[in-house]
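Encoded as structure tokens, the structure appears first; notes follow it.
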Amino acid sequence: MVDQTDTFGRDCQKLPGPLKQWDAYKDMKQEIDDMSLILPLVQALADPSIRPRHWEEIIEMTKEAIPFEDETFLLKDLLAVPLLKFQDDILDIAESAVKQLKLEATLNGEISLFWEECELEVKGYKNVENCMLGGNIQDIQEKLEEHIMALNQMNAMRYVTPFKSIVLEKITSLSETADIIEKWLKVQTLWTNLVSVFTGGDIAKQMPVESKKFKGIDKQWLKIMERAHEQKNVIASCANDILRNSLPDLQNGLEVCQKKLENYLETKRNVFPRFYFCSNDDLLQILSVGSDPHAVQDDFEKLFDAINRVTFDESNRKLIVEIISIMGPCQEKIQLSDQVLAEGNIEDWLVKLEKSMQASVRVKCKAGAQDCYSMTTRDYSLAYPS
């Protein structure tokens with residue numbers, strides 16, 4: 001039709017000059033020019049992006065009954081409408097429809113479909129199954145941030161009106177999900193930091209009240225994670241009222257346990273200040289095996305500059321008789337002048353070991369000062385700590 005109208009227009013221009021003064025020519029020329037403007041409007045209204053709401057908008061604007069839903073809707077019905085009178089408005093509606101279609105595709109496809117299929121990974125920790133959010137949680141947080149930003153941009157567009165309620169609903173849903181996951185991860189971090197402390201070892205025995213409190217929290221945490229493992233879907237899991245209501249209480253309870261634990265560690269550091277050289281994790285590991293001095297062998301170098309290991313008496317497995325410094329392939333051993341019994345609280349016998357080490361080194365220094373002129377350099381360097 002566009003091609004035919006262009007042909008009519010060219011033929012019209014070729015007519016003799018005198019004819020162009022006739023009223024019949026002028027009417028024909030006007031009709032051809034109008035059709036050249038109307039056909040792009042018709043083409044725009046035939047676009048797949050045009051929805052019933054757009055037709056209703058045109059009907060309201062033109063005050064004309066357009067039977068767009070009828071099976072017998074013909075082109076002549078549309079041409080009967082004074083489209084040119086509303087040319088700019090109709091083109092604006094058609095342009096909006098195209099952009100709304102893209103917006104709708106993003107909303108229902110990329111965003112909605114992703115969250116319908118997105119699932120949480122729940123993994124084990126140490127010897128406990130299904131107790132932690134898995135490795136894809138960071139990707140989920142990035143997607144949440146990306147989609148919330150995209151939805152906010154949509155909400156600011158003037159074409160969003162038909163989907164505004166859906167966009168606002170999704171912004172609310174994804175924002176709440178992002179907040180829940182952030183709180184969830186905070187609680188998880190606290191739980192992983194404390195679970196090994198309060199579920200076994202010497203520390204749990206020395207902090208019975210906190211251990212009992214933690215066990216109750218631990219039981220509730222495992223129920224939440226088991227439910228997440230069964231539910232899997234991210235949005236559905238985070239929309240769970242039990243999870244929403246439980247996380248603040250769990251966080252508060254774990255923070256109390258952590259505060260009590262930090263106070264406990266501070267008391268240990270006050271007794272044996274070299275514990276300040278250790279991170280909390282290292283100190284917790286040392287304290288948790290403190291009742292077994294042999295289990296601390298690998299941790300001496302964290303507390304002393306030149307004690308890597310110690311030697312226990314063969315007959316008394318808790319009696320320290322010798323300290324050892326390891327330098328590459330070489331070892332240097334010093335007999336303790338006052339042997340140390342490694343029993344009771346670890347910080348107490350470490351204080352005794354420190355004092356015995358200092359006394360033993362002083363004894364060696366005194367003896368070395370007496371023998372330095374009576375021995376050869378080689379014998380002297382082999383007999384005393386270098």
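Laboratory data are not the source of any read-out in this text; all were calculated from the coordinates shown. A quick note: this is a predicted structure, and the numbers were derived from the prediction, not measured. In this analysis, Cβ positions are derived from the backbone assuming ideal geometry, glycine residues included, and neighbour counts consider all displayed protein chains.
Summary table
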{"item": "Rel. contact order, % - alpha carbon contacts under 8 angstrom, at least six apart, the chain", "result": "9"}
{"item": "Order of Arg51, Arg378 under a 10 Å beta carbon neighbour criterion, fewest first", "result": "Arg378, Arg51"}
{"item": "Under 26 Å from Lys318, Cα to Cα: lysines that are on another chain or at least 8 residues apart", "result": "Lys205, Lys268, Lys302, Lys333, Lys352, Lys355, Lys364"}
{"item": "Cut-off under 5 Å, modelled amide H: who pairs with Val122 long-range", "result": "Gly134"}
{"item": "Exposure proxy order (Cβ contacts within 10 Å, fewest to most) of Leu75, Leu247, Leu144", "result": "Leu75, Leu247, Leu144"}
{"item": "Alpha carbon Rg of region 221-338, scaled by the compact-globule rule 2.2 N^0.38 Å", "result": "1.66"}
{"item": "Unit charges at the beta carbon, dipole of the chain: most positive-side option, Phe275, Gly109, Trp22", "result": "Phe275"}
{"item": "Given charges at beta-carbon only (K, R positive; D, E negative), |dipole| of region 273-383 in Debye", "result": "420"}
{"item": "Debye-sum result for region 296-362 in log10 I(q)/I(0), which assumes one identical scatterer on each alpha carbon, at q = 0.14, 0.26, 0.28 Å⁻¹", "result": "-0.37, -1.30, -1.47"}
{"item": "Potential extension, Ile242-Glu176 segment - 0.36 nm per residue separation minus Cα distance", "result": "22.3 nm"}
{"item": "Lys, Arg +1 and Asp, Glu -1 on Cβ, resulting dipole of the chain about Cα centre, debye, nearest 20", "result": "2060"}
{"item": "Rough spin-label spacing in nm, given labels placed 7 Å along Cα→Cβ, for Asp313 and Ser381", "result": "3.6"}
{"item": "Over the chain: helical MRE at 222 nm, DSSP H runs n ≥ 4 each giving -39500 (n - 2.57), nearest 500", "result": "-20500 deg cm²/dmol"}
{"item": "Restraint check, Lys170/Lys219; Lys102/Lys143; Lys63/Lys102; Lys219/Lys260, Cα-Cα greater than 31 Å", "result": "Lys170/Lys219"}
{"item": "FRET efficiency, Gln21 to Asp70 (Cβ-Cβ, R0 56 Å, nearest 0.05)", "result": "0.80"}
{"item": "In Å, descending, principal axis extents of the Cα set of region 118-268", "result": "65, 30, 23"}
{"item": "Options Ser237, Ile59, Met207, ranked by Cα towards positive dipole end of the chain, top entry (Cβ charges)", "result": "Met207"}
{"item": "Length gained when the stretch Arg227-Lys164 is fully extended (0.36 nm per residue, less Cα-Cα span)", "result": "19.4 nm"}
{"item": "log10 of Debye I(q)/I(0), alpha-carbon scatterers only, for the chain at 0.09, 0.10 Å⁻¹", "result": "-0.79, -0.87"}
{"item": "Listed peptides 363-374, 336-347, 256-267 by packing density, highest first (mean Cβ within 10 Å)", "result": "336-347, 256-267, 363-374"}
{"item": "Over region 2-101: Rg over Rh, Cα atoms, Kirkwood Rh", "result": "1.07"}
{"item": "Contour excess over end-to-end distance, with Cα ends at Asp33 and Glu117 and 0.36 nm allotted per residue", "result": "24.9 nm"}
{"item": "Leading residue at positive end of dipole, the chain (Cβ point charges), from Gln258, Val289, Ala342", "result": "Ala342"}
